[in-house]
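Chemist: Got a structure for you, questions after.
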Amino acid sequence: MAHATQVGLQDATSPIMEELIIFHDHALMIIFLICFLVLYALFLTLTTKLTNTSISDAQEMETVWTILPAIILVLIALPSLRILYMTDEVNDPSFTIKSIGHQWYWTYEYTDYGGLIFNSYMLPPLFLEPGDLRLLDVDNRVVLPVEAPVRMMITSQDVLHSWAVPTLGLKTDAIPGRLNQTTFTATRPGVYYGQCSEICGANHSFMPIVLELIPLKIFEMGPVFTL
Amino acid sequence: MAAAPEPGEPEERKASCTSLHLSYWKSLKLLGFLDVENTPCARHSILYGSLGSVVAGFGHFLFTSRIRRSCDVGVGGFILVTLGCWFHCRYNYAKQRIQERIAREEIKKKILYEGTHLDPERKHNGSSSN
């Protein structure tokens, strides 16, 4: 989860998120250099004593400031498109879970190996134990195996919601009447938090998502199905 | 239930809280957003860019004695050298990551299949002896 005052991305828990962080660093360096150039131009504009009224054309400068931004855009677009197509790859998921958004909780269905269906409500502040996270912890977490490709089918029963887990690089809209699919492979065990990312009413901020990623051996023993 | 604090404890807690706050603010962010410390290759690129900027700008001034144009050359040198170092370092970083991933997968395979008919070393030794 994010710590207080965090502005940057969370550490990656999936290969896609690792690629996204790398791309983010790349884009940020280009942005930094452009900002540096613009600040320098601003500084020159503010400190110049010259008033030049005889310039009529500047073909070379206009050529440079047309071609250079085009090159910069290509340098940003190519890795961006690479990651875009990477996120659309479906790599034979071994597990499918349905996630249904409601006002204001999530329902998860594990129907591959049994008919487990449960709701996931945010823990109200009065029910928090010491160490629990306010506005993030839920009563029933989504338990998933590590290093196994998982497919999430996301939809909604009422209004628009969005199922998001930043550390996995996931954000998929839950649209009533539509089934959206996203796949991911987690690379390390742990508890990962997300929050609803599409305004859906009064308690939009109070329907978090919590994934508990456990080793495959332990997952196969069936702790999920002992509810 | 929390134990009553010992005489030394509040100061230690204060010190740990302070170090926690300091750790949040320790990272250097250029222009407020580029985290130089935690971004791979950023520190390396910015340092070499600064060096290139100083060399280019000062060198231009030594030859031409034009201050303003030398500053422009310095800024241009900073941008070009930073970009060049950045791409070079990121390319090597990407190659290193690929090698690390291959090594990790091979180690996992070796642990899983050692001693079985799927052991990659056994296959390799068998083919080389044939």
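Chemist: Of everything in the stretch B:60-118, what is under 20 Å from the mean Cα position of the chain (by Cα), open to solvent by less than 70 Å² (accessible area, probe 1.4 Å) and charged (D, E, K, R)? Give them in sequence order.
Modeler: Within the stretch B:60-118, B:Arg90, B:Arg97 qualify.
Chemist: Another one. Just the residues that are of a type in the set (A, V, I, L, M), open to solvent by 100 Å² or more (accessible area, probe 1.4 Å) and within 13 Å of chain B (Cβ to nearest Cβ), please, taken from the stretch A:38-60.
Modeler: Going residue by residue through the stretch A:38-60, those that are of a type in the set (A, V, I, L, M) are A:38-39, A:41-42, A:44, A:46, A:50, A:55, A:58.
Of the ones still in play, those that are also open to solvent by 100 Å² or more (accessible area, probe 1.4 Å) are A:46, A:50, A:55.
Scanning the stretch A:38-60 gives a single hit, A:Leu50.
Chemist: Please list, ordered by residue number, the strands (runs of 3 or more DSSP E) wholly in the stretch A:103-181 having 1 or more residues that are exposed (fewer than 14 other Cβ atoms within 10 Å of the Cβ).
Modeler: Numbers: elements: A:105-110, A:116-120, A:142-145, A:150-156, A:161-165, A:170-174.
Hits in the stretch A:103-181: A:116-120.
Chemist: For the stretch A:71-93, which positions are farther than 29 Å from A:Ile34 by Cβ and either part of a helix (DSSP H, G or I) or open to solvent by 60 Å² or more (accessible area, probe 1.4 Å) (or both)?
Modeler: A:Asp88, A:Glu89, A:Val90, A:Asn91, A:Asp92
This table checks each residue for (1) in contact with a Pro (Cβ under 8 Å, 6 or more places away or on another chain); (2) under 23 Å from A:Leu9 (Cα atoms).
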{"site": "A:Gly114", "(1), (2)": "no, no"}
{"site": "A:Tyr121", "(1), (2)": "no, no"}
{"site": "A:Phe127", "(1), (2)": "no, no"}
{"site": "A:Gly131", "(1), (2)": "no, no"}
{"site": "A:Val143", "(1), (2)": "yes, no"}
{"site": "A:Gly169", "(1), (2)": "no, yes"}
{"site": "A:Pro176", "(1), (2)": "no, no"}
{"site": "A:Val191", "(1), (2)": "no, yes"}
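Chemist: Residues that are within 30 Å of B:Ser27 (Cβ to Cβ), touching a strand residue (DSSP E or B) at 6+ places or on another chain (Cβ under 7 Å) and not assigned by the TED database to the domain that holds A:Pro189: does the stretch A:35-54 have at least one?
Modeler: no
Chemist: Here's a follow-up. List, please: which pairs have Cβ atoms under 7 Å, are six or more places apart or on different chains, and start with a residue in the stretch A:104-119 that is without any contact (Cβ under 8 Å) to a residue 12 or more places away in the chain and end with one that is open to solvent by less than 40 Å² (accessible area, probe 1.4 Å)?
Modeler: Close Cβ pairs (under 7 Å, with a partner that is open to solvent by less than 40 Å² (accessible area, probe 1.4 Å)) amount to A:Ile117/A:Thr107; A:Ile117/A:Glu109.
Chemist: Given the criteria surrounded by 10 or more Cβ atoms within 10 Å (Cβ to Cβ), facing chain B (nearest Cβ under 10 Å) and either within 30 Å of A:Ile214 (Cα to Cα) or in contact with a strand residue (DSSP E or B) (Cβ under 6 Å, 6 or more places away or on another chain) (or both), does A:Ile21 qualify? Explain how you work it out, then say what you get.
Modeler: Details: surrounded by 10 or more Cβ atoms within 10 Å (Cβ to Cβ): yes; facing chain B (nearest Cβ under 10 Å): yes; either within 30 Å of A:Ile214 (Cα to Cα) or in contact with a strand residue (DSSP E or B) (Cβ under 6 Å, 6 or more places away or on another chain) (or both): yes.
Against the criterion (surrounded by 10 or more Cβ atoms within 10 Å (Cβ to Cβ), facing chain B (nearest Cβ under 10 Å) and either within 30 Å of A:Ile214 (Cα to Cα) or in contact with a strand residue (DSSP E or B) (Cβ under 6 Å, 6 or more places away or on another chain) (or both)), A:Ile21 qualifies.
The values are calculated or read from the model by the stated rules, or taken from the named source; none is laboratory data. Keep in mind it's a predicted model, so treat the numbers as computed, not measured. Cβ sites come from the backbone with ideal geometry, for glycine too, and all protein chains shown count toward neighbours. For the accessible areas, the whole protein counts, side chains as well, though only heavy atoms, and no ligand, DNA or RNA atoms are used. Shrake-Rupley method; radii C 1.70, N 1.55, O 1.52, S 1.80 Å.
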